[in-house]
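Here's the structure, in C-alpha coordinates; my notes come after.
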Amino acid sequence: MLIDNSVGRRIFKFFNGFGFILYALICLLPMVHILSLSLSASVAVTAGQVSLWPVDFTLKSYEYVLKKAQFWLAMSVSLKRIVLGVSLSTFVTILAAYPLSKTRREFRAQPVLIWFFVFTMLFSGGMIPTYMVVRYTGLLDSIWSLVLPGAVQVFNIILLLNFFRNIPKEIEESAFVDGASHWRILWKIAIPMSLPCLATIIVFAVVGNWNAWFDGLIYMNDSKNYPMQTYLQSILIQPNIKLITKVQAELLRAISNRTLKAAQVFIAAIPVLMIYPFLQGYFVTGVTLGGVKE
(Lines give C-alpha, C1' and ligand atoms only; values in the text may rest on other atoms or scores of the structure.)
Protein backbone atom coordinates (compact mmCIF):
# COMPACT_ATOMS: atom_id res chain seq x y z
CA MET A 1 0.00 0.00 0.00
CA LEU A 2 2.87 2.34 0.81
CA ILE A 3 4.46 1.59 -2.55
CA ASP A 4 1.25 2.45 -4.37
CA ASN A 5 0.95 5.75 -2.51
CA SER A 6 4.56 6.60 -3.30
CA VAL A 7 4.10 5.80 -6.99
CA GLY A 8 0.88 7.80 -7.05
CA ARG A 9 2.59 10.83 -5.54
CA ARG A 10 5.40 10.61 -8.07
CA ILE A 11 2.95 10.40 -10.95
CA PHE A 12 1.00 13.36 -9.56
CA LYS A 13 4.18 15.44 -9.15
CA PHE A 14 5.30 14.56 -12.68
CA PHE A 15 2.04 15.58 -14.33
CA ASN A 16 1.70 18.60 -12.07
CA GLY A 17 5.19 19.80 -12.99
CA PHE A 18 4.61 19.01 -16.65
CA GLY A 19 1.37 21.01 -16.60
CA PHE A 20 3.04 24.04 -15.02
CA ILE A 21 5.92 23.92 -17.50
CA LEU A 22 3.48 23.66 -20.40
CA TYR A 23 1.43 26.57 -19.07
CA ALA A 24 4.58 28.67 -18.61
CA LEU A 25 5.66 27.96 -22.19
CA ILE A 26 2.22 28.93 -23.53
CA CYS A 27 2.48 32.25 -21.67
CA LEU A 28 6.05 32.78 -22.84
CA LEU A 29 5.59 31.99 -26.55
CA PRO A 30 3.87 35.29 -27.51
CA MET A 31 6.69 37.30 -25.92
CA VAL A 32 9.31 35.17 -27.69
CA HIS A 33 7.50 35.73 -30.99
CA ILE A 34 7.43 39.51 -30.44
CA LEU A 35 11.14 39.47 -29.61
CA SER A 36 11.89 37.46 -32.75
CA LEU A 37 9.93 39.92 -34.89
CA SER A 38 11.81 42.87 -33.44
CA LEU A 39 15.18 41.23 -34.17
CA SER A 40 14.35 40.14 -37.74
CA ALA A 41 14.78 41.90 -41.05
CA SER A 42 11.82 43.59 -42.70
CA VAL A 43 11.74 41.20 -45.68
CA ALA A 44 11.54 38.08 -43.49
CA VAL A 45 8.78 39.56 -41.32
CA THR A 46 6.74 40.67 -44.32
CA ALA A 47 7.11 37.21 -45.89
CA GLY A 48 5.87 35.56 -42.69
CA GLN A 49 9.07 33.59 -42.13
CA VAL A 50 9.53 34.56 -38.49
CA SER A 51 8.05 32.39 -35.76
CA LEU A 52 10.11 31.80 -32.59
CA TRP A 53 13.59 32.58 -33.92
CA PRO A 54 14.90 35.75 -35.60
CA VAL A 55 15.53 35.64 -39.34
CA ASP A 56 18.35 37.82 -40.74
CA PHE A 57 19.21 39.11 -37.28
CA THR A 58 19.36 42.90 -36.98
CA LEU A 59 19.15 45.55 -34.25
CA LYS A 60 18.03 48.33 -36.57
CA SER A 61 14.52 48.45 -35.08
CA TYR A 62 15.89 48.99 -31.58
CA GLU A 63 18.35 51.59 -32.81
CA TYR A 64 15.51 53.52 -34.42
CA VAL A 65 13.16 53.19 -31.43
CA LEU A 66 15.79 54.29 -28.90
CA LYS A 67 16.37 57.47 -30.91
CA LYS A 68 12.68 58.45 -30.91
CA ALA A 69 11.97 61.37 -28.59
CA GLN A 70 8.25 60.49 -28.34
CA PHE A 71 9.05 57.00 -27.07
CA TRP A 72 11.21 58.30 -24.23
CA LEU A 73 8.71 61.04 -23.46
CA ALA A 74 5.99 58.40 -23.03
CA MET A 75 8.36 56.34 -20.91
CA SER A 76 9.02 59.31 -18.61
CA VAL A 77 5.28 59.92 -18.19
CA SER A 78 4.74 56.28 -17.23
CA LEU A 79 7.63 56.32 -14.75
CA LYS A 80 6.31 59.52 -13.20
CA ARG A 81 2.87 57.93 -13.01
CA ILE A 82 4.25 54.87 -11.24
CA VAL A 83 6.18 56.92 -8.67
CA LEU A 84 3.22 59.17 -7.86
CA GLY A 85 0.49 56.57 -8.32
CA VAL A 86 2.09 53.78 -6.30
CA SER A 87 3.13 56.12 -3.47
CA LEU A 88 -0.28 57.76 -3.21
CA SER A 89 -2.24 54.52 -3.58
CA THR A 90 -0.16 52.72 -0.95
CA PHE A 91 -0.43 55.62 1.49
CA VAL A 92 -4.20 55.93 1.08
CA THR A 93 -4.64 52.16 1.37
CA ILE A 94 -2.74 52.08 4.66
CA LEU A 95 -4.74 54.99 6.12
CA ALA A 96 -8.04 53.35 5.13
CA ALA A 97 -7.19 49.76 6.08
CA TYR A 98 -5.91 50.40 9.62
CA PRO A 99 -9.12 51.87 11.15
CA LEU A 100 -11.28 49.43 9.19
CA SER A 101 -9.33 46.53 10.70
CA LYS A 102 -10.63 47.45 14.16
CA THR A 103 -13.73 45.95 15.72
CA ARG A 104 -17.02 47.80 15.99
CA ARG A 105 -16.35 48.35 19.70
CA GLU A 106 -13.06 50.08 18.88
CA PHE A 107 -14.36 52.04 15.88
CA ARG A 108 -18.13 52.51 15.79
CA ALA A 109 -18.27 53.71 12.16
CA GLN A 110 -16.37 50.66 10.88
CA PRO A 111 -19.36 48.64 9.51
CA VAL A 112 -20.80 51.64 7.67
CA LEU A 113 -17.48 52.54 6.08
CA ILE A 114 -16.78 48.95 5.02
CA TRP A 115 -20.14 48.73 3.27
CA PHE A 116 -19.45 52.11 1.68
CA PHE A 117 -16.22 50.80 0.16
CA VAL A 118 -17.79 47.50 -0.87
CA PHE A 119 -20.60 49.40 -2.60
CA THR A 120 -18.05 51.16 -4.81
CA MET A 121 -16.75 47.75 -5.92
CA LEU A 122 -20.21 46.76 -7.14
CA PHE A 123 -21.34 50.07 -8.64
CA SER A 124 -19.46 52.95 -10.24
CA GLY A 125 -20.42 56.30 -11.68
CA GLY A 126 -19.37 55.28 -15.18
CA MET A 127 -16.96 56.70 -17.68
CA ILE A 128 -18.82 59.92 -18.55
CA PRO A 129 -19.37 61.14 -14.95
CA THR A 130 -15.75 60.29 -14.14
CA TYR A 131 -14.57 62.23 -17.18
CA MET A 132 -16.71 65.21 -16.16
CA VAL A 133 -15.23 65.17 -12.66
CA VAL A 134 -11.70 65.09 -14.08
CA ARG A 135 -12.51 67.85 -16.56
CA TYR A 136 -14.23 70.27 -14.18
CA THR A 137 -11.54 69.85 -11.55
CA GLY A 138 -8.98 71.00 -14.10
CA LEU A 139 -7.01 67.75 -14.23
CA LEU A 140 -7.14 67.16 -18.00
CA ASP A 141 -3.74 66.93 -19.69
CA SER A 142 -1.99 66.57 -16.32
CA ILE A 143 -0.33 63.62 -14.63
CA TRP A 144 -2.89 63.84 -11.82
CA SER A 145 -5.69 62.76 -14.15
CA LEU A 146 -3.87 59.41 -14.41
CA VAL A 147 -3.10 59.12 -10.70
CA LEU A 148 -6.02 60.43 -8.64
CA PRO A 149 -9.06 58.61 -10.15
CA GLY A 150 -7.57 55.19 -9.43
CA ALA A 151 -5.72 55.99 -6.20
CA VAL A 152 -8.18 54.14 -3.93
CA GLN A 153 -8.36 50.44 -4.75
CA VAL A 154 -10.93 48.75 -2.51
CA PHE A 155 -9.55 45.26 -3.13
CA ASN A 156 -6.16 46.36 -1.78
CA ILE A 157 -7.82 47.91 1.26
CA ILE A 158 -9.65 44.67 2.05
CA LEU A 159 -6.44 42.69 1.54
CA LEU A 160 -4.47 44.90 3.92
CA LEU A 161 -7.16 45.22 6.61
CA ASN A 162 -7.40 41.42 6.81
CA PHE A 163 -3.63 41.31 7.22
CA PHE A 164 -3.80 43.93 10.01
CA ARG A 165 -6.45 41.81 11.76
CA ASN A 166 -4.04 38.86 11.86
CA ILE A 167 -1.51 40.85 13.89
CA PRO A 168 -1.67 39.61 17.52
CA LYS A 169 -3.78 41.93 19.68
CA GLU A 170 -1.36 41.47 22.56
CA ILE A 171 1.30 43.48 20.71
CA GLU A 172 -1.04 46.42 20.21
CA GLU A 173 -2.28 46.26 23.82
CA SER A 174 1.29 46.28 25.10
CA ALA A 175 2.04 49.33 22.98
CA PHE A 176 -1.02 51.12 24.40
CA VAL A 177 0.15 50.33 27.93
CA ASP A 178 3.50 51.94 27.09
CA GLY A 179 1.69 55.09 25.94
CA ALA A 180 1.80 54.61 22.17
CA SER A 181 -0.91 56.23 20.05
CA HIS A 182 -2.71 54.66 17.10
CA TRP A 183 -0.53 56.64 14.72
CA ARG A 184 2.66 55.35 16.34
CA ILE A 185 1.35 51.77 16.44
CA LEU A 186 0.48 51.97 12.75
CA TRP A 187 3.90 53.12 11.58
CA LYS A 188 6.10 51.37 14.15
CA ILE A 189 4.29 48.02 14.55
CA ALA A 190 1.55 47.34 11.98
CA ILE A 191 3.39 48.41 8.85
CA PRO A 192 6.74 46.66 9.62
CA MET A 193 4.81 43.45 10.33
CA SER A 194 2.80 43.79 7.10
CA LEU A 195 5.63 44.09 4.59
CA PRO A 196 4.60 40.97 2.60
CA CYS A 197 1.09 42.33 2.11
CA LEU A 198 2.39 45.82 1.30
CA ALA A 199 4.73 44.33 -1.29
CA THR A 200 1.73 42.60 -2.86
CA ILE A 201 -0.20 45.86 -2.99
CA ILE A 202 2.81 47.62 -4.53
CA VAL A 203 3.03 44.93 -7.23
CA PHE A 204 -0.67 45.39 -8.00
CA ALA A 205 -0.23 49.18 -8.15
CA VAL A 206 2.89 49.04 -10.34
CA VAL A 207 1.37 46.61 -12.84
CA GLY A 208 -1.95 48.45 -12.87
CA ASN A 209 -0.41 51.87 -13.48
CA TRP A 210 2.04 50.56 -16.05
CA ASN A 211 -0.53 48.63 -18.09
CA ALA A 212 -3.29 51.28 -18.03
CA TRP A 213 -3.82 52.94 -21.42
CA PHE A 214 -7.48 53.95 -21.77
CA ASP A 215 -7.38 56.74 -19.18
CA GLY A 216 -4.44 58.32 -21.00
CA LEU A 217 -6.43 58.21 -24.22
CA ILE A 218 -9.48 60.02 -22.83
CA TYR A 219 -7.82 62.40 -20.36
CA MET A 220 -4.91 63.56 -22.53
CA ASN A 221 -5.66 65.89 -25.44
CA ASP A 222 -2.01 66.23 -26.38
CA SER A 223 -0.22 63.06 -27.49
CA LYS A 224 2.95 64.36 -25.84
CA ASN A 225 1.33 63.60 -22.49
CA TYR A 226 0.54 59.97 -23.35
CA PRO A 227 1.88 57.31 -20.96
CA MET A 228 3.72 54.37 -22.49
CA GLN A 229 0.79 52.00 -22.99
CA THR A 230 -1.40 54.71 -24.53
CA TYR A 231 1.45 55.62 -26.85
CA LEU A 232 1.86 51.97 -27.85
CA GLN A 233 -1.87 51.65 -28.44
CA SER A 234 -1.82 54.68 -30.70
CA ILE A 235 1.04 53.38 -32.84
CA LEU A 236 -0.35 49.84 -32.99
CA ILE A 237 -3.55 51.07 -34.66
CA GLN A 238 -1.69 53.32 -37.11
CA PRO A 239 -1.41 51.75 -40.57
CA ASN A 240 1.95 53.31 -41.40
CA ILE A 241 4.88 54.98 -39.74
CA LYS A 242 6.89 57.86 -41.17
CA LEU A 243 10.62 57.43 -41.48
CA ILE A 244 13.35 60.01 -41.96
CA THR A 245 13.53 60.90 -45.64
CA LYS A 246 17.32 60.71 -46.03
CA VAL A 247 17.64 57.21 -44.66
CA GLN A 248 14.25 55.84 -45.70
CA ALA A 249 15.55 53.50 -48.41
CA GLU A 250 18.23 52.06 -46.13
CA LEU A 251 15.91 51.63 -43.17
CA LEU A 252 13.20 49.87 -45.18
CA ARG A 253 15.62 47.05 -45.95
CA ALA A 254 16.13 46.26 -42.27
CA ILE A 255 13.01 47.48 -40.49
CA SER A 256 9.29 47.85 -41.10
CA ASN A 257 6.21 49.00 -39.28
CA ARG A 258 5.79 45.55 -37.67
CA THR A 259 9.39 45.27 -36.47
CA LEU A 260 9.28 48.77 -34.97
CA LYS A 261 6.05 48.04 -33.13
CA ALA A 262 7.43 44.73 -31.85
CA ALA A 263 10.58 46.43 -30.58
CA GLN A 264 8.61 49.10 -28.74
CA VAL A 265 6.23 46.57 -27.19
CA PHE A 266 9.13 44.43 -25.96
CA ILE A 267 11.04 47.40 -24.50
CA ALA A 268 7.88 48.57 -22.72
CA ALA A 269 7.49 45.16 -21.05
CA ILE A 270 11.05 45.08 -19.67
CA PRO A 271 10.51 47.27 -16.53
CA VAL A 272 7.72 45.08 -15.12
CA LEU A 273 9.59 41.90 -16.05
CA MET A 274 12.59 43.18 -14.09
CA ILE A 275 10.64 44.22 -10.98
CA TYR A 276 8.24 41.30 -10.57
CA PRO A 277 10.78 38.46 -9.87
CA PHE A 278 12.20 40.36 -6.87
CA LEU A 279 8.74 40.77 -5.30
CA GLN A 280 7.32 37.38 -6.23
CA GLY A 281 8.00 35.81 -2.82
CA TYR A 282 6.31 38.68 -1.01
CA PHE A 283 3.46 38.54 -3.53
CA VAL A 284 2.60 34.89 -2.76
CA THR A 285 2.93 35.40 1.01
CA GLY A 286 0.83 38.56 0.99
CA VAL A 287 -2.03 37.04 -0.98
CA THR A 288 -2.06 33.91 1.20
CA LEU A 289 -1.97 35.65 4.58
CA GLY A 290 -3.89 38.81 3.73
CA GLY A 291 -6.67 37.04 1.93
CA VAL A 292 -7.59 34.75 4.84
CA LYS A 293 -9.31 36.01 7.95
CA GLU A 294 -9.01 34.13 11.21
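Table for the structure above
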{"read-out": "Of all residues in the stretch 131-151 being out of contact with any Gly (no Cβ under 8 Å at 6 or more places or on another chain) and crowded, with 16+ Cβ neighbours inside 10 Å, the one that is nearest to Ala74 (Cα to Cα)", "value": "Ile143"}
{"read-out": "Leu84 in a helix (DSSP H, G or I) and over 22 Å from Ile235 (Cα atoms)", "value": "yes"}
{"read-out": "Tyr131 vs. criteria over 22 Å from the mean Cα position of the chain (by Cα), hydroxyl-bearing (Ser, Thr, Tyr), over 26 Å from Ala190 (Cα atoms) and part of a helix (DSSP H, G or I)", "value": "yes"}
{"read-out": "Any hit, the stretch 15-31, residues being in contact (Cβ under 8 Å) with a residue 12 or more places away in the chain and surrounded by 13 or more Cβ atoms within 10 Å (Cβ to Cβ)", "value": "yes"}
{"read-out": "First in the stretch 109-132 and closer than 18 Å to Pro149 by Cβ, second anywhere and of a type outside the set (Phe, Trp, Tyr) and part of a helix (DSSP H, G or I), Cβ under 7 Å, 6 or more apart", "value": "Phe117/Val154; Phe117/Ile157; Thr120/Val154; Met121/Val154; Tyr131/Ile218"}
{"read-out": "Qualifying residue in the stretch 91-111 (condition: assigned to a helix (DSSP H, G or I), surrounded by fewer than 16 Cβ atoms within 10 Å (Cβ to Cβ), modelled with pLDDT of 85 or more and touching a helix residue (DSSP H, G or I) at 6+ places or on another chain (Cβ under 7 Å))", "value": "no"}
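Residue-by-condition table, conditions (1) surrounded by fewer than 16 Cβ atoms within 10 Å (Cβ to Cβ); (2) among the aliphatic types (A, V, I, L, M); (3) at pLDDT below 90; (4) under 30 Å from Ile275 (Cβ atoms):
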residue: Leu160; (1), (2), (3), (4): no, yes, no, yes
residue: Phe163; (1), (2), (3), (4): no, no, yes, yes
residue: Glu170; (1), (2), (3), (4): yes, no, yes, no
residue: Phe176; (1), (2), (3), (4): yes, no, yes, no
residue: Ser181; (1), (2), (3), (4): yes, no, yes, no
residue: Ile191; (1), (2), (3), (4): no, yes, no, yes
residue: Ser194; (1), (2), (3), (4): no, no, yes, yes
residue: Cys197; (1), (2), (3), (4): no, no, yes, yes
residue: Val203; (1), (2), (3), (4): no, yes, yes, yes
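The values are calculated or read from the model by the stated rules, or taken from the named source; none is laboratory data. As the structure is a prediction and not an experimental result, all values here were calculated from the model. FYI the Cβ positions are ideal-geometry reconstructions off the backbone, even for glycines, and counts take in every protein chain you see.
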